[in-house]
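The values are calculated or read from the model by the stated rules, or taken from the named source; none is laboratory data. Everything numeric in this text was worked out from a predicted model, so none of it was measured. All Cβ positions, even for glycine, are placed from backbone atoms using ideal geometry, and neighbour counts span all protein chains on display. Accessible surface is based on the protein model in full, side chains and every heavy atom, while ligands, DNA and RNA are left aside. Shrake-Rupley method; radii C 1.70, N 1.55, O 1.52, S 1.80 Å.
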Amino acid sequence: MKRNYLALVVICLVFCGSLPKVWGQCSLSNPVVIPQQGTRNAHFRVEGLINNDLSSSNQGICRVSIRFRHQSVGDVNLLLKSPDGSSYQLIAPVGSRPTSGTTWDIDFVPCTQMAEPDVDRFIKPQWDSDQDWGENETYTGTYHAVTCLEDINSGPANGLWTISVIDNTRQGSGVIESFVVEFCNRQGYECSDCKRNAGRLDRDTTMVCGGDPSLSNIRMFPVFEGMEADPSLYSYYYVVVSRGDIVQIAETPDLSGQPRGNYVIHGILVDNRDLDDILDFEGRAFNQLRNALSGNNLQYCATLSQGSRLFQILSDPTSTHQVNMIACDESPVEFGGRLITEPGIYFETFTSTTGCDSTVELRVSTFDASRPIALPGGNTIGCANKPLALEWSNEFMEPVRYQWYTEDGSILTDPGIERVEVDLPGMYHLEIAQGGCRDTLSVDIASDGTLPILEIQDIIMDC
């Protein structure tokens, strides 16, 4: 795809003062070290570009300038990652030539533009780490990257960009001293680097009872190496994680209302422009946040601290637990060394095996049945409505025992359940029991006069 190369926006990463040919620069504070068999990422944010479409004919990457050193250039894998997560390889790891003391101060240009490699060195215009590079040399010139720059043509131009450098073997280390990306249309652009140093929290475990006043204002002091981020541009918060989920994101963690359990607290440094998005992770899985902050696929300018603090809350924060029980003279409730038979509200403080005090509120009621026996078919019995149902609706906690009985009536069904059927008038009783407490209800069932009456006269039998 052809690009308009007349208008360039330049974003410079790391020591741009050493590159006077570059204008419109944005710099990071430190070089990017390339460790043996390691990966390093550097990030920068682009904002304000009026033409935000990398696929547009007058937008894209028109030049990448890089100054770097490495003891074995064939180890180096250099990637440029755009805001939509696409990854573009600029330098591929190939070969194993020793290149100690050698510096590359080079530019990558689009493949549609003629490359001008280092003069008189027989260096190819297409970048190849397995060329005849030497030691203690300095190479310049322009080259075609492994991925043609014009193929960086999808997604937005504004957003977070990442330079990722990977060392594949243990044959040497290196450093990227500067890195410059030039956009084809600079109109409206702003750029800034992304600080990703949330410091270190010394790993420690604090065991505390729930609701302890110290949990309402937890203070931690991360240790930073190097310069801290500008507090006018970045905010420092804490992420509280329990059972894999984020339960709180706050500047000062407050666990005073949290139930018993383990809580891991991580520090997080956030660019203020991304703060609202980070706060929206509260209530979500911690792994979702961790993945969004991965250096290989950074979605927000934020980073978690090294290390974390563990708080073990040994009891629930509510110090008063309510218990409801039934008592009577025959079955008192033992509570705090007392035998309770009278209704009322009683309090007692207990200490658990963890050393946490809690108050139990005991609410005692008497075993008095207030609901009468229900008579769905009425309180009279006759030929038209026999058998007649008697039933009672339980008002106590289970388990409750039932026993129906009568002296002058007739119970047809199981007398040990809530509902029975009868077929004669008479006085019926229901004994309700729980534990050692009992109460009895009675109901009088009368005849409506339609039931036959069998009268037996005196019979005299004689031989």
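Remarks
- Taking the stretch 387-402 as the range and being in contact with a strand residue (DSSP E or B) (Cβ under 8 Å, 6 or more places away or on another chain) and open to solvent by 50 Å² or more (accessible area, probe 1.4 Å) as the test, the residues that pass are Pro387, Glu391, Ser393, Met397, Pro399, Arg401.
- Among residues of the stretch 117-171, those that are of a type in the set (D, E, K, R) and touching a Cys at 6+ places or on another chain (Cβ under 8 Å), counted: 1
- For the stretch 170-253, the strands (runs of 3 or more DSSP E) that sit wholly inside it and include 1 or more residues that are modelled with pLDDT of 95 or more, touching a helix residue (DSSP H, G or I) at 6+ places or on another chain (Cβ under 7 Å) and surrounded by 18 or more Cβ atoms within 10 Å (Cβ to Cβ) are 234-242, 245-250.
- Only a single criterion out of (1) more than 22 Å from Ala42 (Cβ to Cβ); (2) crowded, with 16+ Cβ neighbours inside 10 Å is not satisfied by Ile268, namely (1).
- All positions within the stretch 91-116 that are open to solvent by less than 20 Å² (accessible area, probe 1.4 Å), more than 26 Å from Ile152 (Cα to Cα) and part of a loop (DSSP other than H, G, I, E, B): Thr99, Thr102
- All of Val360, Val364 fail the test of being touching a His at 6+ places or on another chain (Cβ under 9 Å) and over 30 Å from Asp193 (Cβ atoms), apart from Val360.
- Of residues in the stretch 354-363 being at negative phi and part of a loop (DSSP other than H, G, I, E, B), the one modelled with the highest pLDDT: Cys356
- Of all residues making up the stretch 106-139, the number that are free of Cβ contacts under 8 Å to residues at least 40 places away in the same chain and under 16 Å from Leu90 (Cα atoms): 9
- Output for the stretch 330-353, where each listed residue is open to solvent by 90 Å² or more (accessible area, probe 1.4 Å), in a loop (DSSP other than H, G, I, E, B) and without any contact (Cβ under 8 Å) to a residue 12 or more places away in the chain: Thr353
- Selection of the stretch 119-169 for residues being open to solvent by less than 20 Å² (accessible area, probe 1.4 Å), in a loop (DSSP other than H, G, I, E, B), small (Gly, Ala, Ser) and under 22 Å from Ser86 (Cβ atoms) yields Ala145, Ala157.
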